[in-house]
Amino acid sequence: MTTDVHQLDDGAWVSVNDSREVNVSDLWLLARSDFCGCEPTDFLAEGFVDVSVDHPNIEARMAGRCISCGTEGVTDWLQVGRVIDPESGEFYGIDPESVHFPDKRRRLGRPQE
Amino acid sequence: MPTKVENWKDEVYGNEIRDHLMEFAEQGWESIPEDEQDAWFERFKWWGLYHQRSGQESYFMMRIGTPNGVIEPGQLEVIAEVADEYARGPAENPEFGDAYCDWTTRQSIQLHWIKLEDIPEIFDELESVGLGTQQACGDSWRNIVGCPVAGKDKHEHIDAWPVAEELHETFKGNDEYSNLPRKWKVAVTGCDQGCGQGDINDLAYEPATKEIDGEEQLGFNIRVGGGLSRKEPRFSRSLDVWVPPEQAADIGAGMSALFREHGDRDDRFNARIKFLVDEWGTEKMREVLQDEFMDFELPTAGENMRENYTYNAGGNEHGDHVGVHEQPDGNYYVGLDVLVGRMGVDDVYELAELADEYGSGEVRLTQRQNIIVTDVDSDRLDAFLDEPLLENYSPDPHPFMRGSIACTGTEFCSLSIVETKNRQVRYARWLKENVAVPSGVEDFHIHLSGCTASCAQPQIADISLRGMKTRKDGEPVEALDIGLGGGLGENPHFADWVEMRVAADEVPGYIENLLATFEAERADGQTFREFVAERDEEELQELAEAEETDYEDPYMHNTKMTWYPYVEDDDMQSSPAPTDGEGNSIAPADD
């Protein structure tokens with residue numbers, strides 16, 4: 001079974017295998033992002049613009065704002081959860097309040113501090 | 001590539017959804033296959049049902065569309081009965097009790113905590129008196145709005161109520177227009193005050209005169225592409241078309257067919273017709289409409305009446321329909337202030353009785369979330385005004401109570417960032433007790449919207465409040481962006497966003513400081529909107545500081561993370577949802 005993802009209700013939800021899994025209005029801490037000059041970016045998710053699967057990761061681009069500096073925009077692809085076993089399709093969400101690295105290449109190139 | 005929603009709509013949409021809905025209702029909540037929930041929830045919207053947010057699974061918001069806000073004699077009592085019997089959830093709202101009706105900014109009615117299993121009975125009850133939920137949500141012709149006193153207004157040139165009725169009859173359940181790329185919002189106004197709010201609708205009919213065969217005729221100028229959502233607000237733009245009332249449905253058919261064929265079905269964020277107007281311009285849109293969708297020559301626009309528009313125009317002439325107003329027939333309509341548009345069910349019952357006793361039994365909803373009792377006999381007007389119910393729903397309210405609008409918010413809505421209705425109630429009460437009303441101000445509009453969808457129409461308020469987050473002492477708290485100086489009128493203007501991410505408990509202090517500055521620095525007789533308009537961005541930011549006061553806000557925490565923000569044990573894990581048709585919890589399948 002392939003993992004099926006889409007956004008719903010004007011971008012309010014990321015739906016994974018036809019189940020509403022990730023909702024707007026959470027704060028996401030983004031480290032080493034180029035979204036704004038803040039480190040980390042304290043990002044309020046106001047809407048999901050795009051969703052995709054990069055097995056096993058479920059990724060999204062979010063519209064919103066850094067609540068520290070006020071920069072508005074859309075993030076890079078950001079992991080919002082995983083579907084490890086496509087056969088079961090079970091979704092494992094990740095905690096928005098943990099630190100996230102939207103740019104994976106830099107994450108791999110530099111050890112986490 | 002068409003969106004997933006479009007694929008679902010291709011499979012089942014429109015009238016045929018009802019049979020499936022009834023079958024699911026018969027078999028109960030658990031009969032909806034888990035992997036089909038998204039598709040069915042999307043489709044159920046077409047029948048006025050919107051699945052509530054996380055933590056409230058199996059419960060729905062139900063929207064009843066009442067064209068032009070007209071609730072005919074006998075209907076209000078049934079609305080109260082339905083709310084009383086079926087819209088009682090597992091928890092109580094501390095301000096409004098455990099059953100209530102919401103009057104919306106599109107002159108509709110919203111009920112919450114509706115169970116799927118009850119829908120057949122609810123539909124039967126509503127339809128027995130001519131009410132319905134068809135197309136109240138979803139991608140189709142939505143509830144038609146207009147001047148709420150159409151046909152009973154001394155300022156009108158055309159009685160727009162029969163036109164709104166005709167549009168409602170023509171396009172509700174009409175398979176040709178049942179599957180549009182996105183919602184389709186229409187306003188029809190026959191009065192010269194602009195209270196149909198055509199400027200913020202997809203399609204607007206506004207009164208205009210036109211010389212035809214040497215005779216001046218009354219009809220409508222057509223505007224397209226207004227709307228407030230997603231930080232992309234647009235005022236509708238003139239299509240340079242005039243139609244007589246008898247051709248209103250023809251132009252409605254042509255324009256919505258144009259939208260059906262040319263609207264963007266690949267990107268729902270770009271689907272509203274305001275974006276097609278941006279892309280094409282009105283000249284091309286008129287040409288395509290004429291060439292592809294009309295079978296008569298469209299007259300150019302007539303002489304509009306916009307210079308008379310006083311509704312929400314910043315002055316005190318006609319900010320709303322609250323108050324006592326004489327109708328052309330010598331009876332009176334009495335506009336009652338309903339704070340944030342929510343009314344407890346016992347009050348709805350009582351109002352239905354009073355409307356019967358003193359008027360014709362008809363009431364009407366306004367786009368400012370208020371309610372109007374029409375046809376009150378002049379001999380009985382004073383007795384009606386003495387009724388105790390009117391102490392809470394006043395025809396002469398305090399300006400801060402009168403001007404307050406709030407959307408649904410995180411209480412029920414998936415999109416919202418913050419709690420709204422109860423907060424706005426507390427704001428209004430605090431402002432009333434603590435803040436001096438600037439001289440001459442009778443009606444001060446403060447609109448609170450929980451997110452950028454803008455259901456409370458924040459951009460057209462004196463003070464616009466929009467849901468946000470910030471940190472206070474390191475902790476995330478609910479916050480609001482603050483905009484100033486928006487409104488309609490001959491020259492409508494969207495609010496300028498001035499203060500961003502203000503902690504919600506500091507907003508009343510900001511408003512207090514702002515209005516003190518306004519009173520001290522305004523020119524003689526200057527309105528708040530004029531005061532804002534003559535200042536640049538920097539000057540606006542210097543007008544006032546946000547600060548804590550003795551206002552207390554119980555909703556500073558992340559209300560979206562609760563299953564219901566007002567209960568003692570609000571943890572998501574403590575939610576009784578989903579429940580069965582009796583309201584008993586259904587254990588999750590994997591437990």
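The values are calculated or read from the model by the stated rules, or taken from the named source; none is laboratory data. This one's a predicted model, so the numbers in the text were calculated from it and none came from an experiment. In this analysis, Cβ positions are derived from the backbone assuming ideal geometry, glycine residues included, and neighbour counts consider all displayed protein chains.
Assorted remarks:
- Of the criteria (1) without any contact (Cβ under 8 Å) to a residue 60 or more places away in the chain; (2) within 14 Å of chain A (Cβ to nearest Cβ); (3) touching a Leu at 6+ places or on another chain (Cβ under 8 Å), which one B:L415 fails: (3)
- Of all residues in the stretch A:61-89 being out of contact with any Leu (no Cβ under 6 Å at 6 or more places or on another chain), hydrophobic (A, V, I, L, M, F, W, C) and surrounded by 18 or more Cβ atoms within 10 Å (Cβ to Cβ), the one that is farthest from B:D266 (Cα to Cα): A:C66
- Considering residues of the stretch B:497-549 that are within 27 Å of the chain's Cα centre (by Cα) and among the aromatic types (F, W, Y) only, the residue surrounded by the most Cβ atoms within 10 Å (Cβ to Cβ): B:F528
- Within the stretch B:135-151, the set of residues being assigned to a loop (DSSP other than H, G, I, E, B), in contact with a strand residue (DSSP E or B) (Cβ under 8 Å, 6 or more places away or on another chain) and more than 30 Å from B:D267 (Cβ to Cβ) comprises B:C147, B:P148, B:V149, B:A150.
Results for (1) at positive phi; (2) away from every other protein chain (no Cβ under 13 Å); (3) in a loop (DSSP other than H, G, I, E, B), shown as yes or no for each residue.
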{"residue": "A:R32", "(1), (2), (3)": "yes, yes, yes"}
{"residue": "A:E39", "(1), (2), (3)": "no, yes, yes"}
{"residue": "A:L44", "(1), (2), (3)": "no, no, no"}
{"residue": "A:D50", "(1), (2), (3)": "no, no, no"}
{"residue": "A:R65", "(1), (2), (3)": "no, no, no"}
{"residue": "A:D76", "(1), (2), (3)": "no, yes, yes"}
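- Filter pass, B:D505 being within 27 Å of B:E442 (Cβ to Cβ) and of a type in the set (D, E): no
- Odd one out for B:E490, checked against (1) within 12 Å of another protein chain (Cβ to nearest Cβ); (2) in contact (Cβ under 8 Å) with a residue 60 or more places away in the chain: (1)
- Cβ-Cβ under 6 Å pairs, at least 6 apart or on other chains, the stretch B:550-570 side under 19 Å from B:C451 (Cα atoms), far side among the hydrophobic types (A, V, I, L, M, F, W, C) and part of a loop (DSSP other than H, G, I, E, B): B:Y564/B:A91
- Taking the listed residues B:D443, B:D473, B:D496, B:D462, the one that is at positive phi and acidic (D, E) is B:D473, with no other qualifying.
- For the stretch B:152-170, a residue qualifies if it is of a type in the set (D, E, K, R) and assigned to a loop (DSSP other than H, G, I, E, B), and the qualifying residues are B:K152, B:D153, B:K154, B:D159.
- Taken residue by residue, the stretch B:413-429 has no member that is among the polar types (S, T, N, Q) and over 21 Å from the mean Cα position of the chain (by Cα).
- Counting the residues of the stretch B:401-417 that are touching a Ser or Thr at 6+ places or on another chain (Cβ under 6 Å) and of a type in the set (A, V, I, L, M) gives 2.
- Going through (1) in contact with a helix residue (DSSP H, G or I) (Cβ under 9 Å, 6 or more places away or on another chain); (2) assigned to a strand (DSSP E or B) one by one, B:R501 falls short only on (1).
- Where helices (runs of 4 or more DSSP H) sit wholly within the stretch B:1-119, those with at least 1 residues that are at pLDDT 95 or above and within 14 Å of chain A (Cβ to nearest Cβ) occupy B:4-11, B:37-44.
- Qualifying residue in the stretch B:461-471 (condition: closer than 23 Å to B:S439 by Cα, in a helix (DSSP H, G or I) and in contact with a Ser or Thr (Cβ under 9 Å, 6 or more places away or on another chain)): no
- Test: B:K231 is in contact with a Ser or Thr (Cβ under 9 Å, 6 or more places away or on another chain), surrounded by fewer than 17 Cβ atoms within 10 Å (Cβ to Cβ) and in contact (Cβ under 8 Å) with a residue 12 or more places away in the chain: yes
- Applying the condition of being small (G, A, S) and within 20 Å of B:C407 (Cα to Cα) to the stretch B:340-393 and asking which residue is surrounded by the fewest Cβ atoms within 10 Å (Cβ to Cβ) yields B:G344.
- Residue satisfying condition, being aromatic (F, W, Y) and either under 21 Å from the mean Cα position of the chain (by Cα) or surrounded by 23 or more Cβ atoms within 10 Å (Cβ to Cβ) (or both), within set B:F293, B:F269: B:F269
- Counting the residues of the stretch B:465-487 that are more than 14 Å from chain A (Cβ to nearest Cβ) and touching a Leu at 6+ places or on another chain (Cβ under 7 Å) gives 2.
- Taking each residue of the stretch A:8-25 that is more than 7 Å from every other protein chain (Cβ to nearest Cβ) and in contact (Cβ under 8 Å) with a residue 40 or more places away in the chain and looking for partners that are part of a loop (DSSP other than H, G, I, E, B) and crowded, with 20+ Cβ neighbours inside 10 Å with beta-carbon atoms closer than 6 Å, six or more apart or interchain, yields A:V16/A:F91; A:E21/A:F91.
- Of the residues contained in the stretch A:85-93, one or more are found to be under 11 Å from the mean Cα position of the chain (by Cα), more than 17 Å from B:R471 (Cβ to Cβ) and modelled with pLDDT under 90.
- Residues of the stretch A:2-30 satisfying the condition of being of a type in the set (A, V, I, L, M) and not in a strand (DSSP E or B): A:A12, A:V24
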